[in-house]
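For reference, the structure discussed in these notes is given below.
Bear in mind that the values in this text are calculations on the coordinates, not laboratory data. Treat the numbers as computed from the prediction; the structure is a model and nothing was measured. Here the Cβ positions follow ideal geometry from the backbone for every residue, glycine too, while neighbour counts run over all protein chains shown.
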Amino acid sequence: MIKNIHLNRDIAQLILLQRIELLSPFLKRVRKILGRYFFTNFASKYFISPKLIGTKYLAFMLSEYSLLSKNLNFDNKNILSIGGGMCGLELIINSKSKDCFFSIIEKNYISKKITYGWDNQNKEAYNNLKLLEFFLINNGMNKKSFKIYDYDYDYNFDQIPEKKFDFIISLYSLDYHYDFNLYLDYFKKILNKDTRLIFDTIRPDYFKTMFQNIEIIDSMQSTVHKSKRVICSNFIL
Ligand SMILES: C[S@@+](CC[C@H](N)C(=O)[O-])C[C@H]1O[C@@H](n2cnc3c(N)ncnc32)[C@H](O)[C@@H]1O
């Protein structure tokens, strides 16, 4: 059981950019007055307390875990994480379950001026894959339990794993910030009838033609978009 997480200022900055609910009222004002460029490149790194970000992030991830574990058993599972950010959720799943393996697809840069909308061009990113690996190992994950893939290289050049996954997890990423269809060709290769896909979307009905089962397990009211968290299975395309 993870009681606290170890992180440095660079990692805390990434976490804040990935989980913008962690933004304090003070930083919100700074962003409003001095603009998104200053916020993304300076304030989000130097006007924060890494320790406080770590404590709050862990609390958020424990509550995400608690919701998912009511519905899913993670023991001995092969898990694909898409846009997992600093992967605090994956860290907790790993600490609470037996023998999971995580394949992680993320991006490896920070956009210069982040806006949190629907990204048609698939250009927004806020991660650093070296720091992600360091964070996971430094917080107790065995290097043999995960592999990280860079979307812009590995995905675009077919270097991502084509194997059976029990779960695909993408919180506040796939179909929240960028179109689900970006990954559709890949999903056609890897989804089987038992794979469960967990993600956040404002259009759960859109997926009725793609999946036989769609279960809404939560409704978000305080996030940037008023989304639903869904578990989809029995892919029919
Ligand atoms: C809002 S954050 C959510 C992070 C994490 N899932 C969480 O709940 O804390 C969205 C993440 O998606 C990543 N991302 C953006 N485009 C992506 C893509 N095409 N494939 C994988 N990850 C992507 C970003 O770098 C960012 O870390």
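Within segment 165-212, how many residues turn out to be within 16 Å of the ligand (Cβ to nearest atom), closer than 12 Å to V230 by Cα and either more than 18 Å from the chain's Cα centre (by Cα) or crowded, with 18+ Cβ neighbours inside 10 Å (or both)?
13
Could we say that I48 is within 23 Å of I148 (Cα to Cα) and of a type outside the set (K, R) here?
Values: within 23 Å of I148 (Cα to Cα): no; of a type outside the set (K, R): yes.
Considered against the rule, which asks whether it is within 23 Å of I148 (Cα to Cα) and of a type outside the set (K, R), I48 comes out as no.
Which is within 12 Å of the ligand (Cβ to nearest atom), under 19 Å from S222 (Cβ atoms) and buried (at least 20 other Cβ atoms within 10 Å of the Cβ), of L22, L17?
Checking each option against the conditions leaves just L17.
S103: of a type in the set (S, T, Y) and more than 16 Å from the chain's Cα centre (by Cα), yes or no? Break it down stepwise before answering.
Numbers: of a type in the set (S, T, Y): yes; more than 16 Å from the chain's Cα centre (by Cα): no.
Criteria not met by S103.
Does A43 fit the bill of being of a type in the set (G, A, S), assigned to a helix (DSSP H, G or I), over 19 Å from the mean Cα position of the chain (by Cα) and surrounded by 14 or more Cβ atoms within 10 Å (Cβ to Cβ)? Before the answer, list the steps.
Numbers: of a type in the set (G, A, S): yes; assigned to a helix (DSSP H, G or I): yes; over 19 Å from the mean Cα position of the chain (by Cα): yes; surrounded by 14 or more Cβ atoms within 10 Å (Cβ to Cβ): yes.
Yes: the conditions hold for A43.
So, in segment 104-144, how many residues would count as being of a type in the set (S, T, N, Q), within 22 Å of Y57 (Cα to Cα) and either surrounded by fewer than 20 Cβ atoms within 10 Å (Cβ to Cβ) or away from the ligand (no atom under 12 Å from the Cβ) (or both)?
First pass over segment 104-144, keeping only residues of a type in the set (S, T, N, Q): 108, 111, 115, 120-122, 127-128, 138-139, 142.
Imposing the further condition that a residue be within 22 Å of Y57 (Cα to Cα) reduces the set to 108, 111, 115, 127-128, 138-139, 142.
Next cut, either surrounded by fewer than 20 Cβ atoms within 10 Å (Cβ to Cβ) or away from the ligand (no atom under 12 Å from the Cβ) (or both) only: 108, 111, 115, 138-139, 142.
Here the count works out to 6.
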